[in-house]
Structures are given as structure tokens and as C-alpha cells.
1. Output the DSSP H helices from the chain with an along-axis C-alpha extent of no less than 20 Å and a mean Kyte-Doolittle hydropathy no less than 0.0.
2. Enumerate the residues in region 132-173 having an amide nitrogen under 17 Å from the point lying 7 Å beyond the Cα of Asp70 toward its Cβ.
3. Which one of Pro107, Asn117, Val29 is farthest out on the positive end of the charge dipole of region 3-125, using unit charges on Cβ (Lys, Arg +1; Asp, Glu -1) and the Cα centre as origin?
4. Please return the longest stretch of the chain lacking exposed loop sites, where trypsin sites (Lys or Arg not before Pro) count only if DSSP places them in a loop and at most 10 other Cβ atoms lie within 10 Å.
5. Quick one: dipole size for region 138-192, taken about the Cα centre, charges +1 on Lys/Arg Cβ and -1 on Asp/Glu Cβ, in debye to the nearest 20.
6. Over 19 Å between Cα atoms, which of Lys86/Lys134; Lys120/Lys174; Lys127/Lys191; Lys48/Lys86; Lys63/Lys127 qualify?
7. For the chain, just give the cysteines left without a disulfide-compatible partner, judged by no other Cys Cβ under 4.7 Å.
8. In µm²/s, what is D for region 92-193 at 20 °C and 1.002 mPa s, where D = kT/(6 pi eta Rh) by Stokes-Einstein and Rh is the Kirkwood radius from Cα pairs?
Amino acid sequence: MPEDIHEMHVDFDELTKAGSMMGSGGMIVMDDRTCMVDVARYFIHFLKGESCGKCVPCREGLKQLFVMLDEITKGRGTPAHIEAIKAICSAMSDSALCGLGTTATNPVMSTLRHFENEYKEHIEDKKCRAGVCKDLTVFGITDECVGCTICARKCPTKAITGKAKEVHVLDQKKCIKCGVCFDACKFNAVKIN
């Protein structure tokens with residue numbers, strides 16, 4: 001659910017109206033470092049393992065959804081993937097034999113409904129704004145760098161170099177896109193491009 005409906009009552013009926021559902025009573029709060037496409041991929045991967053495999057819509061639908069979401073997170077997505085995802089989700093919701101199959105598409109449809117712009121960024125711009133999808137992420141150091149050397153010391157591949165009190169440089173060939181530099185920088189000098 002997006003931030004703009006944060007004051008919604010958390011109960012079965014209200015969540016259903018908003019396109020979500022009450023599950024085990026747990027709630028996960030996500031921020032701007034969470035990729036909603038990757039979240040959908042994660043849930044479909046989990047549910048793929050939970051499916052009994054008895055009915056074709058659930059068994060094959062989950063497999064196909066996972067493949068398409070995986071393609072999108074790897075930068076190989078196309079606008080046709082979005083339409084195919086919507087069609088599979090509709091077919092699963094209408095024809096799966098159990099509650100798992102009919103509701104398994106909720107994470108995908110919810111992220112598409114509320115965060116479709118992130119899907120489009122992955123597909124059209126080949127970019128993951130959260131820096132989660134490694135194939136779509138490039139970290140860079142800006143002129144805001146004060147040369148504190150924290151990022152260089154924490155980088156596991158020694159991809160960052162520079163002297164104290166000077167702007168550092170990130171070698172893209174050595175960078176494994178782990179995000180340690182982004183998390184370590186207290187001066188917002190590491191950006192996700």
C-alpha cells in the first residue's frame with residue numbers, strides 16, 4: 001500500500017477495498033530503499049513453492065509470473081510483460097481451485113496498482129530507483145563527497161579510492177553493487193543512478 005493511504009483502518013474490509021488482504025496479522029513497512037518489483041518477485045517465488053501443483057492456473061501461472069518479474073528485475077522486461085502479468089493474474093484469480101491460487105496474485109496486482117511507475121522505470125529506463133535490482137543499478141560518488149574515507153574503508157571490493165578530504169572515485173568495473181557505500185555515507189554523496 002502506498003504512503004498516501006497510511007491513515008486507513010487496518011481491518012479485513014478496508015484492506016480488501018484497497019486491494020490488499022489481512023493475512024497472518026503481520027505488517028511490513030517499506031521505504032524508498034525497497035524495490036516494489038522485487039517485492040512482487042519475492043512473494044511469487046515464495047508462493048511458487050507453496051503451491052500444491054494440483055491446478056494448472058496456480059502451478060503454471062506462478063511459474064510464468066516469476067519468470068516475467070525476474071526478467072523485469074534483470075532489465076530484460078518489455079511493456080508486453082505488464083499486459084501478460086495482468087492477464088495471468090486475472091486468470092489465476094478467476095480459475096484457481098484454492099485460496100492460495102486465487103489470492104497469490106495480490107502482491108503483484110497491488111504493486112502494479114500503486115507502484116506501476118517503478119515497473120515502467122525498470123522496463124523503459126532500465127533503472128531501479130531503490131538500488132535493489134543489481135542489473136539496473138549504478139552507484140556513483142558526487143562532488144558532495146567530503147573525503148571522509150568511510151565508503152572506501154567499507155567497500156568489500158576496494159572499488160572506491162581517494163585521499164582524505166578529497167572527492168573519492170568509484171571504479172564501476174570493481175563495483176559489485178552491494179550498496180555498502182550508499183549506506184555508509186553520512187553526507188549523501190553516494191547516489192543511485
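1. Going by DSSP H runs, the hits are 36-50, 56-73, 79-95.
2. 133-136
3. Pro107
4. Formally, the longest exposed-site-free interval is 1-157.
5. The calculated dipole for region 138-192 is roughly 220 debye.
6. Violating the 19 Å Cα-Cα cut-off are Lys86/Lys134; Lys120/Lys174; Lys63/Lys127.
7. Lacking a cysteine Cβ partner under 4.7 Å: Cys35, Cys52, Cys55, Cys58, Cys89, Cys98, Cys145, Cys148, Cys155, Cys175, Cys178, Cys185.
8. 135 µm²/s
Read the figures in this text as sums done on the coordinates, not as results from a lab. Predicted model, so just to flag it, every value in this text is computed and none were measured. Positions of Cβ are generated from backbone atoms using ideal geometry, with glycine treated the same way; all protein chains shown enter the neighbour counts.
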